[in-house]
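No value in this document is a laboratory result; all are computed from the given coordinates. Just so you know, these numbers come straight off a predicted model, no measurement behind them. FYI the Cβ positions are ideal-geometry reconstructions off the backbone, even for glycines, and counts take in every protein chain you see.
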Amino acid sequence: MKYEILYGHSFPIVKLALESGESVKAEMNAMVSMSPHIDLKGTVDGGIMRGLGRMLSGEKFFFQELTARGRPGEVMLAPSSIGDVQAVELDGSYSLYVQKDGFLAGTAGIEVTTKMQNLSRGLFSGEGFFIVKISGKGTVFLSSFGAIHAINLAPGEEIIIDNQHLVAWPDYMDYTVQKAASGWLNTFTSGEVAVCRFRGEGVVLIQTRNARGFGGWVQQFLPSPGR
């Protein structure tokens, strides 16, 4: 399947050229435009239990499935938030763990499921007990809040990342969730609560903006109750 990602890191749109019979699945409301002979339908993809698992991880219960019927067609997809879109090619040898709202679309052969985190990671990470797991063979399109930046770690190299800036990382990478600073007072007064410590080898994708921080910045401009 041929594709283009247009308009840079802030307002991207994904343009897909589907051959007859080809299909792509995307998050709900992702479709911007499509050729008249593209068949659009909602699907749970994997059954009710998988759908419920995706809801627990912060994703939608349903997907959009778009299929070219009878002849080639074009589909354009876009995420809901302002930010980047990046394509990742999966060869089936590993899976990606992805933050909630990070999945935009995937070609045939891509599976979107969930993985349950252990108790400490679930309580402390801010992502909950379930995270999105993307596996299979094909192309997956990830979306972010802000631009996507890749951090390449050599074998044994470590880095600490604020969990609100995580986009995706491979399942074979070792990581732990910990408090940001030495001591709870420093942790809370620094504004950084939970962080993830990753150990390479591998590539971690991060986003340049923090959606929760942005929400707090917007809040200061909204009128308070009673005003």
Practice task
Would you pull out the residues with amide H under 5 Å of Ser144's amide H, same chain only if 5 or more places away, H placed 1.01 Å from N?
Solution key: Asp84
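Going by C-beta contacts inside 10 Å, put Phe221, Phe198 in order with the fewest on the left.
On the way: Phe221 6, Phe198 21.
Exposure proxy ranking, most exposed first: Phe221, Phe198.
Strictly over 18 Å apart at the Cα level, which of Lys25/Lys137; Lys100/Lys133; Lys15/Lys100 would you flag in this model? Could the numbers behind the result be given before it?
Working: Lys25/Lys137 14 Å; Lys100/Lys133 10 Å; Lys15/Lys100 23 Å.
Table pairs above 18 Å Cα-Cα are Lys15/Lys100.
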